Amino acid sequence: MLRIELTAAAGGQPGHGELTVHGWPGGTEGLELSVLRNQDSLYLEAGGGWDSLPVWHALDGLERRDEALFGAVGPWLVDPLVRDPKMVYRLQLRAAGQSDGGVLRIVGNLLSSPAVGHPPPDERPPAPPVVAEPEPEPPVAEPAPVDSPLVAERDEEFRAAPAPKPRQSVRWLPFVVGLALLLGVGLAGYWYFVLRPQTQTPVAAAPAPAPVATLAAAAAAAAAVAGGAGACAASALAESGDDLTFIQACLKSSPTSAQVLETIAAAKQAKRCGVVQRLYAHKAQAGDAAIALAYAREYDPQSFAVGGCVESADAETAAYWYEIALANDAGNADAKKRLEALKP
């Protein structure tokens, strides 16, 4: 089994890296490389895409230093590998009748070639043209009113006309109006206090107390929703028809290791292998030692089970995930024991 590492180039140029292969017994002439994406078993194509059939790429420029091979690689290899850092890749080398492979380790901050930035263009709009405002027109003087003889004569007649004499008010009218008002107020009071039907406002009955069992169930449901368990439950998996949508909702709820393992078991029963592989890989790569240990056992020849979402046992892949588990839980005796047994 080879130990393969990909690190950033010495100058830190995006899209370029340094490939190191430990344990290759052959030479460097006619060396070819294939890249397998572990999660969906697709191979890297020449144009950067992925295909179900193996594609072999000529690997030139590697040189031997002691027991390892070293060489620079460009965007044809770096860009597809760093596009999704959660993926796991297995590299296979062959030359002159020899063949061997191993799981790739991406070390450090490796950038793809599109990471090279360009200054944004000047998108400021041009200044609007200055338009001279038209000068205000001078006000037109209105002609002064002319006193004609006809107007003067009418004014004289208006001033000379005698004002009409005011009519004398009737002195008994206020008395009649006041008496009518008092009579109206009395009739209204008599109707309100004597003739109006008396009605009673019903008193609303107090709501019956909720049963203790109902309150307990509601509290449990609220606690489950607050804890995020519902997004990763088996019922949510059955209701969701899209794997990616379910995985995103599940991971966003920050489930515990136990909840993730229960969901993975339900996904196995439902033959939702995409959910199984992605939950395993994401949580293990994120540093969950318990998930990494469980994923390693899926591939371990000692614990491999036929009929699951892993097609066949693979000691190299199992060793990789045991190493991830130990990196996050150095005192895990089971992972350490199985890793020593699997490594030559």
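The values are calculated or read from the model by the stated rules, or taken from the named source; none is laboratory data. These figures come from a predicted structure and were not determined experimentally. When we count neighbours, we look across all protein chains shown, and the Cβ atoms used for this are built from the backbone with ideal geometry, even at glycine. The area values use the complete protein model at the heavy-atom level, side chains included, leaving out ligands, DNA and RNA. Shrake-Rupley method; radii C 1.70, N 1.55, O 1.52, S 1.80 Å.
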Among helices (runs of 4 or more DSSP H) entirely within segment 182-263, at least 1 residues that are on the phi < 0 side of the Ramachandran plot and at pLDDT below 80 occur in 212-227
Taking segment 16-26 and the residues there that are farther than 11 Å from Ser99 by Cβ and among the small types (Gly, Ala, Ser), the one that is most open to solvent (accessible area, probe 1.4 Å) would be Gly23
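Listed here are the residues, each with its yes/no results for (1) closer than 30 Å to Leu279 by Cβ; (2) touching a Leu at 6+ places or on another chain (Cβ under 6 Å).
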| residue | (1), (2) |
| --- | --- |
| Ala9 | no, no |
| Gly15 | no, no |
| Gly23 | no, yes |
| Thr28 | no, yes |
| Ser34 | yes, no |
| Gln39 | yes, no |
| Glu45 | yes, no |
| Gly48 | yes, no |
| Trp56 | no, no |
Considering residues that are surrounded by 21 or more Cβ atoms within 10 Å (Cβ to Cβ) and either out of contact with any Asp or Glu (no Cβ under 9 Å at 6 or more places or on another chain) or assigned by the TED database to the domain that holds Tyr89 (or both), the number found within segment 268-280 is 1
Of (1) charged (D, E, K, R); (2) open to solvent by 70 Å² or more (accessible area, probe 1.4 Å); (3) under 31 Å from the mean Cα position of the chain (by Cα), Glu29 satisfies every one except (3)
Within segment 77-108, the residues that are open to solvent by less than 30 Å² (accessible area, probe 1.4 Å) and part of a strand (DSSP E or B) are Tyr89, Leu91, Leu93, Ala95, Gly101, Gly102, Val103, Leu104
